[in-house]
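Reading through the structure tokens given below for one structure.
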Amino acid sequence: MTGPAAIGAGEGGEAAALSLEGVTKRYGALLANDHVALEVAAGQVHAIVGENGAGKSTLLQIVYGTVAADAGRLRVRGRDLDLARHSPATAIAAGLGMVHQHFMLVPTLRVVENVVLGREPRRRGRLDLDAAAAEIAALGERHGLRVDPWRRVEQLTVGEQQRVELIKILWRGAQTLLLDEPTAVLAPTEVGDLFAVLRSLAAAGKSVVLVSHKLDEVTAIADAVTVMRHGRVVARLAAGTSSAEIASAMVGTDAASQLTAAAPGARPATASRQAAAVLAARDLVVPRDGGGRGVDGVSFELRPGEVLGVAGVQGNGQSELALALAGLLPVRSGRVLLDGIDVTAAPTGERLARGLGQVPEDRLLRGLVPAFDLAENALLGRQPEFTARGLLARGRIARHAAELIAASDVRPPDPSLPAASLSGGNQQKLVVGRELSRPGLRALVCAEPTRGVDVAAAAGIHRRLRQAADSGVALLIISTDLAELRRLADRIAVMYRGRFAAVLEAAQASDRALGQWMTGATA
């Protein structure tokens with residue numbers, strides 16, 4: 001059931017859809033990929049899993065040509081590609097297509113314009129969008145990816161934007177699809193829809209290679225699983241392997257029992273509902289970029305040690321709520337209160353000084369400066385604490401960074417490395433650790449705390465968030481991971497079209513109930 005699978009040529013000896021041999025990539029002293037071998041058969045959904053920093057995303061980027069390998073061999077359907085000259089253009093020409101974790105769409109352009117961008121069809125010298133729109137509509141019907149070709153991307157839900165990304169690579173002739181964390185931004189119902197599409201594509205003879213940290217989803221969709229650790233392939237597993245067995249291969253121990261012990265269960269109701277609110281919103285209205293209301297009259301009170309979860313399909317106001325609470329978006333009307341003090345018009349720095357921390361939804365855009373080293377990123381928002389006579393105290397900064405990196409298990413543990421060199425999961429651990437370590441922390445607004453984080457690291461982040469709540473910090477956690485919200489929250493508010501459509505006790509909030517409120521199916 002769990003032995004190495006023959007992940008290679010299809011039936012009848014036909015060439016593998018994708019084959020890698022000896023692929024190696026080094027960043028200074030860090031060996032990101034160490035002589036990796038991989039074979040993906042035609043018509044197969046093949047998952048690549050591993051801890052943060054295992055080399056999964058680097059491998060996908062090498063295959064797609066956005067990262068240059070130092071050595072190795074790449075074959076696509078029996079044809080060798082020159083890795084020394086490989087690029088996205090040669091990848092597309094060979095039938096490879098990639099959907100990145102962060103979508104590569106232009107929000108102000110229409111769907112059809114995004115799909116053809118860089119390959120604009122022309123008729124008699126003029127742009128012919130009508131023909132492309134008809135092809136897009138036909139592709140959507142054929143593969144269950146229906147979307148209006150003439151709508152602007154900024155008007156689409158996240159799930160619809162992902163459909164556009166898939167249509168774009170299919171329109172360009174992709175036979176092998178490379179997907180990096182494809183379910184990270186999707187609601188449960190959208191995950192099911194995506195999996196139906198992937199199965200349909202595989203049944204039509206296309207191949208799918210996906211990177212994921214969600215092992216229950218891997219076991220549900222994958223025909224084969226490759227496990228990576230420290231840049232190497234350490235296991236090749238067949239369909240039917242359990243998530244506990246995959247986790248064990250990932251970390252090299254009996255991970256199932258360790259992670260079960262490390263991950264907290266459902267949160268007991270320990271926070272006092274009688275204490276004064278630490279963080280509160282009163283009839284909050286926040287505009288959305290491009291017009292309309294992102295937040296439309298939201299009110300809540302969050303008391304010491306209380307955890308309020310916020311669920312919802314992306315695009316329903318969660319992002320605007322988090323940014324407004326942190327002082328990064330202007331409030332049209334309503335109030336934000338911190339320990340009873342009106343901070344609606346207060347800048348972010350003042351809110352930080354009063355004890356409000358923030359883990360942003362997009363760590364690269366708002367949580368880190370990728371070009372700065374880890375030590376510099378560890379003190380963002382706290383520069384005055386590490387300044388003496390107008391100069392940064394480098395010794396104290398280095399000691400603080402070393403302590404934070406150790407406490408947060410950031411790998412590799414080198415404060416001099418640029419943040420851009422870390423895997424996404426290790427970047428996230430640094431951001432969460434920095435916010436939790438702020439002195440005088442009273443409340444934390446935490447958006448997608450474990451997005452792109454492996455199962456072991458997610459358990460560690462959950463444990464630290466619970467410890468913060470137990471110490472009296474009020475937490476507002478926004479997440480598309482419903483299991484995460486049930487594990488951490490006292491109550492779960494569902495945002496739909498800018499409002500709290502429902503507020504449920506976490507213990508009674510089933511996937512079905514939450515999913516109905518999230519999609520507007522419940523009146």
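The values are calculated or read from the model by the stated rules, or taken from the named source; none is laboratory data. Model, not experiment: these values are computed from the prediction. Quick reminder, even Gly has a Cβ in these numbers, built from the backbone with ideal geometry, and neighbours come from all protein chains shown.
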**Prompt:** Listed residues 396, 351; which is buried (at least 19 other Cβ atoms within 10 Å of the Cβ) and of a type in the set (Lys, Arg)?
**Reply:** 351
**Message:** Yes or no: segment 251-261 includes at least one residue that is over 27 Å from residue 102 (Cα atoms) and modelled with pLDDT of 95 or more.
**Reply:** no
**Asked** What's the number of the condition residue 459 fails, among (1) within 19 Å of the chain's Cα centre (by Cα); (2) surrounded by 22 or more Cβ atoms within 10 Å (Cβ to Cβ)?
**Response** (2)
**Item:** Filter pass, residue 152 being charged (D, E, K, R), under 23 Å from residue 294 (Cα atoms) and surrounded by fewer than 18 Cβ atoms within 10 Å (Cβ to Cβ)
**Value:** yes
**Prompt:** Looking only at segment 482-509, which residues are closer than 16 Å to residue 191 by Cβ and of a type in the set (Gly, Ala, Ser)?
**Reply:** 483
**Item:** Number of the exception - residue 56 against (1) farther than 19 Å from residue 182 by Cα; (2) buried (at least 22 other Cβ atoms within 10 Å of the Cβ); (3) among the basic types (Lys, Arg)
**Value:** (1)
**Fill in**
Residue hits (segment 500-522; in contact with a Pro (Cβ under 7 Å, 6 or more places away or on another chain) and surrounded by 19 or more Cβ atoms within 10 Å (Cβ to Cβ)) are 515
**Pair list, Cβ < 9 Å and 6+ apart or interchain, from segment 131-148 residues that are closer than 16 Å to residue 161 by Cβ to residues that are in a loop (DSSP other than H, G, I, E, B) and of a type in the set (Lys, Arg)** = 140/146
**Residue tally, condition at pLDDT 95 or above, more than 21 Å from residue 448 (Cα to Cα) and of a type in the set (Lys, Arg), over segment 335-390** = 2
**Message:** For residue 329, only one of the following conditions fails: (1) out of contact with any Asp or Glu (no Cβ under 7 Å at 6 or more places or on another chain); (2) surrounded by fewer than 23 Cβ atoms within 10 Å (Cβ to Cβ). What is its number?
**Reply:** (1)
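Among the residues of segment 59-76, which ones are surrounded by fewer than 17 Cβ atoms within 10 Å (Cβ to Cβ) and not acidic (Asp, Glu)? Please lay out each step first, then the result.
Taking segment 59-76 as the starting set, the residues that turn out to be surrounded by fewer than 17 Cβ atoms within 10 Å (Cβ to Cβ) are 66, 68, 70-71, 73.
If the condition is that a residue be surrounded by fewer than 17 Cβ atoms within 10 Å (Cβ to Cβ) and not acidic (Asp, Glu), then 66, 68, 71, 73 are the ones that fit.
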**Prompt:** When residue 497 is evaluated against the numbered criteria (1) within 20 Å of the chain's Cα centre (by Cα); (2) charged (D, E, K, R); (3) surrounded by fewer than 23 Cβ atoms within 10 Å (Cβ to Cβ), which criterion, by number, is the only one it fails?
**Reply:** (1)
**Request:** Report yes if some residue within segment 209-222 is in a loop (DSSP other than H, G, I, E, B), at pLDDT 95 or above and small (Gly, Ala, Ser); otherwise report no.
**Result:** yes
**Per-region count, segment 371-385, residues in contact with a Pro (Cβ under 7 Å, 6 or more places away or on another chain) and either among the aliphatic types (A, V, I, L, M) or not assigned by TED's automatic domain parsing to the domain that holds residue 435 (or both)** = 3
**Request:** Filter the strands (runs of 3 or more DSSP E) completely within segment 59-145 down to those with at least 3 residues that are closer than 30 Å to residue 230 by Cβ, at pLDDT 95 or above and among the hydrophobic types (A, V, I, L, M, F, W, C).
**Result:** 71-76, 96-99
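Among the candidates 422, 417, 391, 441, single out the residue that is surrounded by 15 or more Cβ atoms within 10 Å (Cβ to Cβ) and more than 24 Å from the chain's Cα centre (by Cα).
441
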**Prompt:** Out of (1) modelled with pLDDT of 95 or more; (2) part of a strand (DSSP E or B), the odd one out for residue 294 is which?
**Reply:** (1)
**Prompt:** Would it be correct to say that residue 374 is under 29 Å from the mean Cα position of the chain (by Cα), more than 19 Å from residue 425 (Cα to Cα) and surrounded by 16 or more Cβ atoms within 10 Å (Cβ to Cβ)?
**Reply:** no
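Evaluate the following for residue 363: is it closer than 30 Å to residue 53 by Cα and not assigned by TED's automatic domain parsing to the domain that holds residue 429? Show your work before the answer.
Values: closer than 30 Å to residue 53 by Cα: yes; not assigned by TED's automatic domain parsing to the domain that holds residue 429: yes.
Considered against the rule, which asks whether it is closer than 30 Å to residue 53 by Cα and not assigned by TED's automatic domain parsing to the domain that holds residue 429, residue 363 comes out as yes.
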